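S.K.: Encoded as structure tokens, here's the structure I'll be asking about.
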Ligand code: HEC
């Protein structure tokens, strides 16, 4: 009695694993990158997260916008494409004299995109 059920479960499990294994293939194949904008594909997200923390981006934004400061990130506003987002991070970091490398600017922008803007 329990056998068909268990077989079904095993098949479902195998299917799920197969699906997960297949997922990265089309992404690397045709560069559709699971919705990641072209300019952020190579970004080091770990580095970006670290830089956002180090440079206290959220603290200042919180002072102006309250909450956790993320209200400042408005995908519907002026910043409405991935390149504009990267440009804004560049501008802020120049303004703040952060002396970031281009890869660091990209990494920060990629993290903001993943967490707030979600541009494709
Ligand atoms: C000294 C305060 C301050 C610090 C520090 C700061 N920001 Fe900002 N940031 C602002 C203010 C103020 C605005 C809003 C400008 C406006 O909309 O007129 C802003 C806006 C932005 C925007 C645009 C939001 C949008 O969608 O319009 C981005 C992106 C951004 N900041 C990224 C960063 C990042 C990344 C850091 C850390 C490296 C950072 N900021 C650090 C004050 C700061």
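S.K.: Taking region 42-58, which residues are within 8 Å of residue 108 (Cα to Cα) and either assigned to a loop (DSSP other than H, G, I, E, B) or within 12 Å of the ligand (Cβ to nearest atom) (or both)?
M.R.: Listed by number, the residues that qualify are 48, 49, 51, 52.
For (1) out of contact with any helix residue (DSSP H, G or I) (no Cβ under 6 Å at 6 or more places or on another chain); (2) modelled with pLDDT under 55; (3) on the phi > 0 side of the Ramachandran plot; (4) loosely packed, with under 13 Cβ neighbours inside 10 Å, each residue gets a yes or a no:
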site: 4; (1), (2), (3), (4): yes, no, no, yes
site: 8; (1), (2), (3), (4): yes, yes, no, yes
site: 13; (1), (2), (3), (4): yes, yes, no, yes
site: 34; (1), (2), (3), (4): no, no, yes, yes
site: 38; (1), (2), (3), (4): yes, no, no, yes
site: 54; (1), (2), (3), (4): yes, no, no, yes
site: 58; (1), (2), (3), (4): yes, no, no, no
site: 78; (1), (2), (3), (4): yes, no, no, yes
site: 81; (1), (2), (3), (4): yes, no, no, no
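S.K.: Please enumerate the residues belonging to region 85-97 that are surrounded by 15 or more Cβ atoms within 10 Å (Cβ to Cβ) and either more than 8 Å from the ligand (Cβ to nearest atom) or over 18 Å from residue 52 (Cα atoms) (or both). Lay out the reasoning, then the answer.
M.R.: Here is the first cut: in region 85-97, the residues surrounded by 15 or more Cβ atoms within 10 Å (Cβ to Cβ) are 85-86, 88-90, 92-93.
Of everything in region 85-97, those that are surrounded by 15 or more Cβ atoms within 10 Å (Cβ to Cβ) and either more than 8 Å from the ligand (Cβ to nearest atom) or over 18 Å from residue 52 (Cα atoms) (or both) turn out to be 86, 90.
S.K.: If you go through region 98-109, how many residues are part of a helix (DSSP H, G or I), within 11 Å of the ligand (Cβ to nearest atom) and touching a residue at least 40 places away in the same chain (Cβ under 8 Å)?
M.R.: 4
S.K.: In region 75-97, how many are free of Cβ contacts under 8 Å to residues at least 40 places away in the same chain, under 20 Å from residue 41 (Cβ atoms) and assigned to a helix (DSSP H, G or I)?
M.R.: Within region 75-97, residues that are free of Cβ contacts under 8 Å to residues at least 40 places away in the same chain, under 20 Å from residue 41 (Cβ atoms) and assigned to a helix (DSSP H, G or I) number 6.
The values are calculated or read from the model by the stated rules, or taken from the named source; none is laboratory data. Worth saying up front: this structure is predicted, and the values here are computed from it rather than measured. Counting neighbours? That spans all protein chains shown, and the Cβs are built from the backbone with ideal geometry, glycine included.
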